[in-house]
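Asks: Let me give you the structure first, and then I'll get to my questions.
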Amino acid sequence: METNLMFLIGAAIAVVTGLGAGIGIGIATGHTAEAIARQPEASGKIMTAFFLGIALAEATAIYGFVVAILIFTKA
């Protein structure tokens with residue numbers, strides 16, 4: 001029973017990566033909007049870097065979610 005609880009706590013911690021990714025994407029979106037407002041002519045390069053950053057942040061969240069599912073199925 002105690003081992004089962006530890007698995008569930010580990011799964012909960014792994015899911016928290018989604019929270020960090022959401023906060024990071026929100027901050028990145030705000031800074032991207034500011035950067036485009038300051039330099040509209042560079043919006044193409046700014047958006048490219050923005051989408052690359054979002055993809056990496058989402059990948060982190062997805063990895064955490066997959067780890068949580070794997071831990072949860074073992075419990």
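The values are calculated or read from the model by the stated rules, or taken from the named source; none is laboratory data. Note that the structure is predicted; figures quoted are calculated from it, not measured. Every residue, glycine as well, gets a Cβ built from its backbone with ideal geometry; the counts of neighbours run over all protein chains shown.
Asks: How many residues does region 5-20 contain that are of a type in the set (Phe, Trp, Tyr) and in contact with a Phe, Trp or Tyr (Cβ under 6 Å, 6 or more places away or on another chain)?
Replies: The number of residues fulfilling the criteria is 0.
Asks: Here's a follow-up. Can you report the number of residues in region 1-52 which are modelled with pLDDT of 85 or more, under 29 Å from Thr73 (Cα atoms) and among the small types (Gly, Ala, Ser)?
Replies: Residues that pass the stated criteria total 4.
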